[in-house]
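The structure under discussion appears below in the form of structure tokens.
Computed from the coordinates by the stated procedures, all read-outs in this text should not be read as laboratory data. No experiment lies behind these values; they were computed from the predicted model shown.
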Amino acid sequence: MTPPPRRAGRADLTGITDVFLACWHGPYAAVLPRRLTDAMTRDRATALWTGVLAEAAPGEVLVQPAPDGTILGVTRWAGPEDGVGVVHSLYVAPDAQGRGAGGGLLTAATAALSAAGAGTATLWVFRDNTPSVGFYQHRGWRPDGGRRVQEEFGEPEIRLVLALTPAARPPRPGPAGWAT
């Protein structure tokens, strides 16, 4: 049985980097220009994720471990700001895709955002990454018309949004101890 997603730590850096690079050099290679995928080296990916793990608030980076402890996937989220949370990234090892790791990580991230008070979540995905767009849309995410091209990548991205349900909160004590 696969354990639930958990908070990432510094000891997960190699596993996170392995998953990230497997995505960039595997599925991303089919949808992004080769100049981008070739530019994502192990040194660049390690530096990127070292910075993410150092800067993220506790719990904002989650990993999906396999039963043997290897990392199957990673997600990073933040917020909310003005009621909007952001899923910054979601990567699942290509050989683990379709087995629930991505859905579990995405559910954990959106639940954390909802619990933190977000009413909406957003994310950006490369426009031409149709498998990922389909994955998100199958889970209720919808394009809102937002588009961007980040200088670092030079490829079009679209923004997807998801309305979040309020997190379950314990009832507040009312008059004479009645729950409200």
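Suppose only helical runs count, i.e. DSSP H with n ≥ 4. What mean residue ellipticity at 222 nm does that imply for the chain under -39500 (n - 2.57) per run, divided by all residues and rounded to the nearest 500 deg cm²/dmol? Write down the numbers at each step before the final one.
On the way: 5 runs with 57 residues, N = 180.
Dividing the helical sum by the residues of the chain leaves -9500 deg cm²/dmol.
Let me test this: with uniform point scatterers at the alpha carbons of region 1-96, what is the Debye-based log₁₀ I(q)/I(0) at q = 0.21 1/Å?
Log10 I(q)/I(0), no solvent term: -1.08.
Just to confirm the number: angle between the C-alpha axis of helix 101-115 and the first principal axis of the chain, 0 to 90 degrees, nearest 10?
Around 40 degrees separate the two axes.
Relative to the first principal axis of the alpha-carbon coordinates of the chain, what is the inclination of helix 13-25, with its axis defined by its Cα atoms, in degrees from 0 to 90 and to the nearest 10?
60
Can you give the % of DSSP beta bridges in region 6-165 that are antiparallel, to the nearest 5? The partial results should precede the final answer.
Details: 26 of 29 bridges.
Here the antiparallel bridges make up roughly 90 percent for region 6-165.
Using only C-alpha atoms and all pairs of different ones, pull out the Kirkwood radius for region 6-165 in Å with one decimal. Before the final figure, lay out the partial values.
Working: mean 1/r = 0.0627 Å⁻¹.
About 15.9 Å, per the Kirkwood formula over Cα pairs.
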